[in-house]
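The values are calculated or read from the model by the stated rules, or taken from the named source; none is laboratory data. Just so we're clear, the structure is a prediction, and the values are computed from it rather than from any experiment. Here Cβ is always computed from backbone atoms with ideal geometry, including for glycine, and neighbour counts include all displayed protein chains.
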Amino acid sequence: MSFNIAVDGPAGAGKSTIAKQVAKRLGLIYVDTGAMYRAMALYMVRMGIDIEDEEKVIENCKNADITIKYEDGVQVVYLNGENVNAHLRKEEVSNAASKVSVIKEVRAQLVALQKKLAASSDCIMDGRDIGTCVLPDADAKIFLTASSAVRAKRRYDELTAKGEVCDLAKIQADIEDRDYRDMNRENSPLKQAEDAVFVDSSYMTIEEVVDTIIQIAEKRERGNSVSWK
């Protein structure tokens, strides 16, 4: 029986960064569901498919073979046999991923893979609807968030550190727009699961957030008859 931790929250809340560290400290597999949607968005961008044309996206999504493998302890996302890790964090792909992810047929295709990964391994999985839809029976659920201003500044610092020229105000506007889309989409909207623990990371260090989630997970583990150790 596997032990699963679900981490949900809005864009830029630090879910991936936190989940990776929790996975490393607890010896869990980290499943970045957002990377899977980004890979689908990357496919659409590369194929020149209009993200707003839902019928075209549905028609072409089945041609995107997206798989996750672990190589030397690192998650690698493959799109039709190509390692696309280096392309998934581009702003164009991020914005397209938010739009692609609302399409029911796309979600069904990727959620099936996510459920299969969780059923076969002790893992921590992050996204927008993990605790509510993908892993409703997860052993521990976290809703991780931060203010839009804090999330925008984090993203701005990340991009400028890579030498990219960007506008902080535009980044915050994009984040707030993405929040609205994610929370109001028809299929699997972003919301806190009833049994999830709310964690606001706005004024917390990464280490503090990681410690908090580990404490929650260990408490839930003691209440169950399973152990990942």
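Could you identify the single residue in Asp211, Asp195 that is on the phi < 0 side of the Ramachandran plot and without any contact (Cβ under 8 Å) to a residue 40 or more places away in the chain?
Asp211
Filter segment 103-158 down to the residues that are more than 18 Å from Val22 (Cα to Cα) and of a type in the set (Asp, Glu) and list them by number.
Passing the criteria: Glu105, Asp129, Asp137, Asp157, Glu158.
Within segment 178-186, can one find any residue that is assigned to a loop (DSSP other than H, G, I, E, B), over 29 Å from Leu28 (Cα atoms) and either modelled with pLDDT under 95 or among the charged types (D, E, K, R) (or both)?
Looking for residues that are assigned to a loop (DSSP other than H, G, I, E, B), over 29 Å from Leu28 (Cα atoms) and either modelled with pLDDT under 95 or among the charged types (D, E, K, R) (or both), one finds at least one in segment 178-186, hence yes.
Out of the residues in segment 145-167 meeting the condition of being assigned to a loop (DSSP other than H, G, I, E, B) and among the acidic types (Asp, Glu), tell me which one is nearest to Lys191 (Cα to Cα).
It comes out as Asp167.
Counting only residues that are small (Gly, Ala, Ser) and not in a loop (DSSP other than H, G, I, E, B), which one in segment 1-46 is surrounded by the fewest Cβ atoms within 10 Å (Cβ to Cβ)?
Ser16
Quick one: which residue in Arg151, Arg178 is in contact with a Pro (Cβ under 9 Å, 6 or more places away or on another chain), farther than 13 Å from Gly14 by Cβ, surrounded by 13 or more Cβ atoms within 10 Å (Cβ to Cβ) and not acidic (Asp, Glu)?
Just a single option satisfies the conditions, and that option is Arg178.
Would you be able to say whether some residue in segment 148-168 is over 30 Å from Asp65 (Cα atoms), aliphatic (A, V, I, L, M) and in contact (Cβ under 8 Å) with a residue 40 or more places away in the chain?
yes
Which is acidic (Asp, Glu), buried (at least 23 other Cβ atoms within 10 Å of the Cβ), within 30 Å of Ser202 (Cβ to Cβ) and touching a strand residue (DSSP E or B) at 6+ places or on another chain (Cβ under 7 Å), of Asp126, Asp139?
Asp126
Give all pairs with beta carbons closer than 7 Å in which a residue from segment 103-116 that is within 16 Å of Leu190 (Cα to Cα) meets a residue that is surrounded by fewer than 17 Cβ atoms within 10 Å (Cβ to Cβ); count only pairs at least 6 apart in sequence or on separate chains.
Ile103/Glu54; Ile103/Ile58; Lys104/Asn187; Arg107/Asn187
Tell me whether segment 112-119 contains one or more residues that are over 24 Å from Gly12 (Cα atoms), at pLDDT below 90, charged (D, E, K, R) and over 14 Å from the mean Cα position of the chain (by Cα).
yes
So, restricting to strands (runs of 3 or more DSSP E) that lie completely within segment 66-144, which ones have at least 1 residues that are over 22 Å from Val209 (Cα atoms) and not hydroxyl-bearing (Ser, Thr, Tyr)?
66-71, 74-79
Go through segment 64-102 residue by residue and tally those that are touching a residue at least 24 places away in the same chain (Cβ under 8 Å), of a type in the set (A, V, I, L, M) and surrounded by fewer than 17 Cβ atoms within 10 Å (Cβ to Cβ).
Qualifying residue count for the region: 0.
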